[in-house]
Amino acid sequence: IKGVIFDLDGTVVENDYDWIRIREEIGTGAASILSYLDSLEEPERSAKWSILETHEALQTQAAVLREGVPELLALLRSRGIAAALVTNNSRENTEFLLGKFGLAFDCVITREGGLWKPSGAPFLEVLRVLHLEPGECGVIGDTHFDVLAALDAGIDAIFLLSDEPERFAGFPVEVFPDMDELLERLERSLG
């Protein structure tokens, strides 16, 4: 592995989004929130974006750094492995969190670029920017969107943080209950 792509919310930082409630408030149905919002006409579009942004602002302020993240980033840097961040969150919220916790990534992709998960497009952009092949990259996330985006981009080293591994049954992933166990796994594989 020459590069690792991290998710932000639920992976690098912990927060408590109530996605079911947010989807109900916005009225997305089965569509992804960002795709749904992108399809709307004004003034409905702005009104519903405002709902999402209100929830995001609250969760951004309340977010805490996931234990083990600084150690994992330090391990990657010590081995010359690039670290990227791909999030469906906004650049403003992402920059706030990176500043708050003193984190730096070699490449950061937010939703403003028009590339968002579950599409593999933002991961392919990371590969392009960092000059990596899919087989040289791993993904660390916590949701099905992270898995689907990785698979869509041809990345098969997928590590998930979840205390519900059964949610990912049937997917080609490794699930870890916390960052410490993931860090141990990566230390072993990186040699």
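Worth a mention:
- In the chain, the DSSP beta bridges split such that about 10 percent are antiparallel, to the nearest 5.
- For ALA82, the amide hydrogen comes within under 5 Å of the amide hydrogens of GLY3, VAL4, counting only partners 5 or more places away or on other chains and with H modelled in the peptide plane.
- Of the solvent-accessible surface of the stretch 110-191, computed with a 1.4 Å probe over protein heavy atoms with every protein chain present, carbon and sulfur atoms account for 52 percent.
- Most mobile of GLY141, GLY120, GLY170 in a GNM of the chain (Cα contacts under 10 Å): GLY170
- Nearest-ten-degree value, helix 179-190 long axis tilted from longest Cα axis of the chain: 50
- The chain: angle of helix 91-101 to the longest principal axis, Cα-based, in degrees nearest 10: 50
- Relative contact order %, the chain, counting alpha carbon pairs below 8 Å whose residues are six or more apart: 25
- Selection from ILE5, ALA30, ILE81 lying farthest towards where the dipole of the stretch 1-111 points positive, charges on Cβ: ILE81
- Ligands, DNA and RNA are left out, and with a 1.4 angstrom probe the accessible area of the stretch 21-148 is 47 Å² per residue.
- In whole angstrom, the stretch 1-107 maps to an equivalent ellipsoid with semi-axes of 30, 14, 12, each derived as √(5λ) from the alpha carbon gyration tensor and ordered largest first.
- Accessible-area composition of the stretch 12-51, carbon plus sulfur, in percent [1.4 Å probe]: 50
- Estimated 222 nm signal from helices in the chain, with DSSP H stretches of n ≥ 4 weighted -39500 (n - 2.57), rounded to 500: -13500 deg cm²/dmol
- At 0.890 mPa s and 25 °C, Stokes D of the stretch 44-191 from Kirkwood alpha-carbon radius, µm² per second: 150
- Degrees between helix 121-130 axis and first principal axis of the chain (Cα, 0 to 90, nearest 10): 40
The values are calculated or read from the model by the stated rules, or taken from the named source; none is laboratory data. These numbers were taken from a predicted model, which means no experiment stands behind them. We place every Cβ from the backbone using ideal geometry, glycine too, and count neighbours over all the protein chains shown. SASA here: full protein model, heavy atoms, side chains in, ligands and nucleic acids out. Shrake-Rupley method; radii C 1.70, N 1.55, O 1.52, S 1.80 Å.
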